[in-house]
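Here the structure is laid out as structure tokens; the discussion comes afterwards.
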Amino acid sequence: QTEIKIKEEGFWRFSKLAIPVHKDPGKDFFGVSLPLLESISKALEFPVASMLPMEAFTVVRKSFDARKLLKEPQFVYTVDMDVKKLLNLEPRAWDFISRLEPKLGSIEYMPSRKVLADLISILHNLVDNQHGTKQEEARDGIHNKSFNRSLFSKRPKVAVVGSGPSGLFASLVLSELGADVTLIERGQAVEQRGHDIGALVVRRALQPESNFCFGEGGAGTWSDGKLVTRIGRNSDSVLTVMKTLVHFGAPPEILLDGKPHLGTDRLIGILRNFRQHLVQLGVDIKFGTRLNDLIVENKQIIGIKVSNARDESRSNSQSLSYDAVVLAVGHSARDVYQMLLQHNVDMVPKDFAVGLRIEHPQELINKIQYSSLAAEVQLGRGKVPVADYKVVKYVNEGDEIVNSCLEDRSRSCYSFCMCPGGQVVLTSTNSSELCINGMSFSRRSSRWANAAIVVTVSTNDFAPFSGHGPLCGVEFQRHYERKAAMVGGGNFVVPAQTVTDFLDNKLSVTSLPQSSYRLGVRPSNLHELLPTHITKALQHSIAVFDKELPGYICKDALLHGVETRTSSPIRIVRNTDSYESTSVIGLYPVGEGAGHAGGIISAAVDGIYCGFALAKNLNLFEGDI
Ligand code: FAD
């Protein structure tokens with residue numbers, strides 16, 4: 001049922017405008033089509049759709065809805081209407097507008113954060129005015145509004161460690177606000193990182209410092225590039241990140257798409273532009289440089305020790321002085337966690353989830369989700385998006401099978417990081433551990449659909465590793481990653497089992513179905529890889545998922561082990577407002593590795609807020625955050 005609300009003076013917002021697939025121009029069209037005008041005219045009770053001027057309408061969001069309860073899958077639009085423009089171009093609409101208006105409610109907005117609006121303006125101005133003076137003027141104009149220029153003569157020195165989304169966005173904000181920023185990244189720039197990942201996939205040569213987790217753009221670069229987030233799709237901060245990505249080359253449709261995604265191929269170009277912009281701002285970017293230690297005096301950061309990332313001995317560390325350090329190292333930098341422990345930095349174990357990665361032929365998922373419409377997918381070039389899915393099973397008291405094998409009753413089993421048209425990839429950072437994840441290219445045109453199926457774990461599960469203090473969750477991960485490497489037999493071969501055999505708890509004896517994982521799979525019994533209560537919860541939940549997605553359990557579905565790095569196993573404790581560590585002055589833990597974000601967008605948003613908070617602490621910025 002279409003909803004109409006007054007968005008602001010002179011603008012109405014239509015939501016839930018549904019167009020059946022057969023009438024819609026398709027997933028790649030974000031303009032105003034005649035079928036969309038028909039749907040709007042119906043909502044306005046205006047008799048002739050073709051008389052409504054297209055210019056009066058703007059598409060704000062377009063999503064695809066293929067729920068089974070619908071007669072036919074449909075595209076669902078949110079559209080804004082400029083009332084003045086409509087009445088100028090079609091005065092006969094007046095009667096219909098005036099009849100409806102008194103019945104309409106208004107959209108309630110969260111108050112906008114001024115700092116973020118300013119950041120967007122800075123970026124707009126810089127990108128629109130490519131030439132020196134204009135660029136400077138544009139930035140000066142903004143700075144004069146909210147930023148403390150008197151302090152610019154002595155610029156505070158900030159080290160941002162890690163060039164994932166959180167580190168990049170923190171660097172952007174801090175350098176825009178006048179800090180002297182050094183961005184330190186143990187991995188390589190995307191060009192060299194691409195070669196290193198190629199060598200891993202083709203020759204099994206894992207570079208411990210440049211791989212799927214480490215390098216420019218962080219863990220999100222060789223990923224599916226899904227930009228969905230649970231922190232509020234329409235919030236200013238999320239929009240700021242999205243708009244910034246568009247400035248750096250992402251397709252503008254990500255602002256409209258209900259489930260935006262980029263894909264690795266696009267992310268690489270965006271990151272190059274991002275880098276160029278930071279360099280223009282004066283950011284000193286040091287790739288292949290690893291943070292080895294913090295230099296702390298009287299509980300205050302005074303600098304860091306770094307070395308060439310390839311120097312395993314760490315004996316040639318160089319000391320560098322900084323006023324503050326933003327720690328944006330992601331959740332695979334276990335050496336950094338260990339180092340923080342030695343400095344008594346406040347950290348606590350955090351819940352996360354572990355499990356397996358399931359892979360199906362994409363065609364099968366298309367059929368399950370779309371039935372006869374599956375033919376329209378055409379390897380990502382068709383009218384409808386490549387099908388995805390999201391499943392969740394709460395393990396609750398009424399659930400006999402699971403209750404019998406779980407000590408606590410608050411777990412859930414769910415699909416995570418689903419990659420339609422993607423491939424399973426190795427996310428280990430050293431050869432004695434084995435863990436996997438999924439990635440895709442922008443078209444999502446591979447023959448496979450993969451997703452993690454994971455079960456939540458918490459401190460109860462980490463009890464056998466309690467000797468490691470706050471790092472007990474890290475040890476839990478490591479234990480099962482080592483087990484997976486052993487069961488796989490080495491060389492990054494992944495233990496795998498057909499879903500049907502996993503449900504029967506028996507080793508697959510016939511040959512396994514093909515996998516997208518390039519380094520090979522080995523028939524195994526995955527029940528041996530993870531604690532029994534987890535494999536039982538997986539077994540039970542997969543059976544339930546098959547009821548929701550009939551055909552999910554099939555001979556071609558293959559499980560791969562193990563998926564362990566779904567989010568950070570620790571939280572580095574920080575002050576809520578200042579973003580500063582509660583134990584070390586001048587240390588700013590940020591992003592996923594610090595346990596304050598999960599996913600590309602939320603990590604970027606955390607980086608933005610941390611950037612503003614630190615700038616405020618350094619007297620570079622006076623506004624509210
Ligand atoms: P990271 O991106 O992990 O970046 C941390 C950076 O710090 C790394 O580049 C690392 O090299 C560097 N670093 C670490 N230690 C040091 C040190 N000592 N010295 C110097 N540098 C250091 N999320 C989504 O939202 N959508 C997806 O589709 C998606 N797909 C994914 C696919 C894969 C294969 C993986 C691995 C992750 C995926 N994620 C996805 C998760 C997402 O990538 C992360 O949530 C996000 O990148 C976290 O950002 P971050 O900045 O906190 O840390």
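Tabulated data
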{"quantity": "Test: residue in the stretch 307-320 that is closer than 30 Å to Thr459 by Cα and within 11 Å of the ligand (Cβ to nearest atom)", "calculated": "no"}
{"quantity": "Filter pass, Lys68 being part of a loop (DSSP other than H, G, I, E, B) and basic (Lys, Arg)", "calculated": "yes"}
{"quantity": "Residue in the stretch 484-495 that is modelled with pLDDT of 95 or more, more than 16 Å from Arg522 (Cβ to Cβ), within 16 Å of the ligand (Cβ to nearest atom) and crowded, with 24+ Cβ neighbours inside 10 Å present", "calculated": "no"}
{"quantity": "Which numbered condition Thr500 misses (of (1) of a type in the set (Val, Ile, Thr); (2) crowded, with 19+ Cβ neighbours inside 10 Å; (3) over 20 Å from Ser567 (Cβ atoms))", "calculated": "(2)"}
{"quantity": "Members of the stretch 313-339 found to be over 23 Å from Cys213 (Cα atoms) and of a type in the set (D, E, K, R), listed by number", "calculated": "Asp323"}
{"quantity": "Cross-chain or 6+ apart pairs with Cβ under 6 Å, the stretch 593-614 first and touching a residue at least 12 places away in the same chain (Cβ under 8 Å) and in a helix (DSSP H, G or I), then near the ligand (Cβ under 10 Å from one of its atoms) and β-branched (Val, Ile, Thr)", "calculated": "Ile601/Thr229; Ser602/Thr229; Asp606/Val590; Gly607/Val590; Cys610/Val590"}
{"quantity": "Subset of the stretch 432-446 that is at pLDDT 95 or above and away from the ligand (no atom under 13 Å from the Cβ) - its residue that is farthest from Asp388 (Cα to Cα)", "calculated": "Ser432"}
{"quantity": "Extreme residue, surrounded by the fewest Cβ atoms within 10 Å (Cβ to Cβ), among residues of the stretch 240-262 that are more than 14 Å from the ligand (Cβ to nearest atom), without any contact (Cβ under 8 Å) to a residue 60 or more places away in the chain and in a helix (DSSP H, G or I)", "calculated": "Pro252"}
{"quantity": "Residue match in the stretch 224-239 (condition: buried (at least 24 other Cβ atoms within 10 Å of the Cβ) and in contact with a Ser or Thr (Cβ under 8 Å, 6 or more places away or on another chain))", "calculated": "yes"}
{"quantity": "Out of Asp311, Asp346, Asp265, sole residue that is of a type in the set (Asp, Glu) and within 30 Å of Lys27 (Cα to Cα)", "calculated": "Asp265"}
{"quantity": "Lone qualifier among Gly187, Gly162 - being modelled with pLDDT of 90 or more, within 13 Å of the ligand (Cβ to nearest atom) and at positive phi", "calculated": "Gly162"}
{"quantity": "Enumeration of residues in the stretch 269-307 that are under 17 Å from Glu216 (Cβ atoms) and touching a Ser or Thr at 6+ places or on another chain (Cβ under 7 Å)", "calculated": "Leu271, Leu278, Leu281, Val283, Asp284, Lys286, Arg290, Val306"}
{"quantity": "Which numbered condition Ser317 misses (of (1) over 24 Å from the mean Cα position of the chain (by Cα); (2) within 19 Å of Ser163 (Cβ to Cβ))", "calculated": "(2)"}
{"quantity": "Qualifying residue in the stretch 169-183 (condition: within 20 Å of Gly438 (Cα to Cα), crowded, with 24+ Cβ neighbours inside 10 Å and either within 7 Å of the ligand (Cβ to nearest atom) or of a type in the set (A, V, I, L, M, F, W, C) (or both))", "calculated": "no"}
{"quantity": "All strands (runs of 3 or more DSSP E) inside the stretch 485-592 with 2 or more residues being of a type in the set (S, T, N, Q)", "calculated": "494-498"}
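Let's see how each residue does on (1) within 30 Å of Gly520 (Cα to Cα); (2) at pLDDT 95 or above; (3) of a type in the set (S, T, N, Q):
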{"site": "Asp140", "(1), (2), (3)": "no, no, no"}
{"site": "Val158", "(1), (2), (3)": "no, yes, no"}
{"site": "Ser171", "(1), (2), (3)": "no, yes, yes"}
{"site": "Gly194", "(1), (2), (3)": "yes, yes, no"}
{"site": "Ile231", "(1), (2), (3)": "no, no, no"}
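The values are calculated or read from the model by the stated rules, or taken from the named source; none is laboratory data. Note that the structure is a prediction, hence the values are computed from the model and not measured. Because the Cβ atoms are built from the backbone with ideal geometry, glycine has one as well, and the counts that use them run over all protein chains shown.
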